[in-house]
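The values are calculated or read from the model by the stated rules, or taken from the named source; none is laboratory data. A quick note: this is a predicted structure, and the numbers were derived from the prediction, not measured. Here the Cβ is made from the backbone with ideal geometry for all residues, glycine too, and neighbour counts use every protein chain on show. Surface areas here come from the heavy atoms of the whole protein model, side chains and all, with no ligands, DNA or RNA. Shrake-Rupley method; radii C 1.70, N 1.55, O 1.52, S 1.80 Å.
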Amino acid sequence: LGIAENAASLGDFYVQYDRLDKAKENYILAIVYFKQLDKEYDLASLLKIVGNIYLSQSNYSEALLFYKNSLKVSERNNYTDILPHIYNNSGLIYQHLKENQKALTNYQKAYEGFKKLGLNEEVANAVSNIANIYLADGNDSLALDYYDEALRIFKEAGNFIDASSIYIYLGNHEYEKENYTKA
């Protein structure tokens, strides 16, 4: 257990210093030990974190592999605090791969999970991701409804950075449609 916890702590340290390959190496060592020790919560958490690292490196196949393993452990144990993060990040991958229906399904599951946990800004991120899918699929009206909801939540939380990102995204969308005044 000490080896696993220390390896996980080293992984956290390396993430802070943007040495992601060293972080993965340590997290994977911790995963091996947590699995042997049947420490399922720690296992699910680290599988998700390694998936996040692969996602940040645009290695989508490896990210999905780690997310799916984390998902299995999390669903088996009903780790409701881990599941919505896995769904949201899996949605990001599917969206990048232009598999919008899979992305939408994952974002909707993330939304439900974050809502049950009362994580309003995470809810807003999921809502914004859902809007992105509808916008990409040409359903501007529905997308705008979702963006309005995300903007409301972000503004209530004082998160003007994420709110402004939505406006930039919408502006770029209108610009691509040559609606320059609206953009």
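Helix 60-77 axis versus longest C-alpha principal axis of the chain: approximately 70°, rounded to the nearest ten.
Once both labels are positioned 7 Å from their Cα atoms along Cα-to-Cβ, the gap between Lys98 and Arg76 label points is 3.7 nm.
Shape class of segment 8-69 from the Cα gyration tensor (axes a ≥ b ≥ c, square roots of the eigenvalues): oblate, since a/c reaches 1.5 or more and a/b does not exceed b/c. With the gyration tensor restricted to C-alpha atoms of segment 1-110, the semi-axes of the equivalent ellipsoid amount to 24, 17, 9 Å, longest first.
In the context of the full set of protein chains, residues of segment 17-92 present 50 Å² of accessible surface per residue (probe radius 1.4 Å, heavy atoms only).
Any chance you could give the angle, 0 to 90 degrees and rounded to 10, that helix 83-96 forms with the longest Cα principal axis of the chain? Roughly 60 degrees between the two axes. Annotation: for a label point projected 7 angstrom from Cα along Cα→Cβ of Asp18, residues of segment 44-83 with backbone N closer than 14 Å are 57.
Label sites at Glu176 and Ser9, each approximated as a point 7 angstrom past Cα along Cα to Cβ, lie 4.7 nm apart. With respect to the chain, whose longest principal axis is taken over its alpha-carbon atoms, helix 160-176 is tilted by about 50°. Given segment 64-105, what whole percent of its Cα pairs are spread farther than 17 Å? Here the tail beyond 17 Å accounts for 29 percent of pairs. With the highest mean first, a sort of the peptides 136-148, 79-91 on other beta-carbon atoms found within 10 angstrom per residue produces 79-91, 136-148. Straight Cα distances below 17 angstrom link Lys48 to the lysines Lys22, Lys24, Lys35, Lys39, Lys68, Lys72, Lys109, with same-chain residues fewer than 8 positions distant left out. A Stokes-Einstein calculation at 4 °C with viscosity 1.567 mPa s, built on the Kirkwood radius of segment 28-183 over Cα pairs, returns a diffusion coefficient of 79 µm²/s. Measuring r between the beta carbons of Asp140 and Phe160 and using R0 = 35 Å, the FRET efficiency lands at 0.90.
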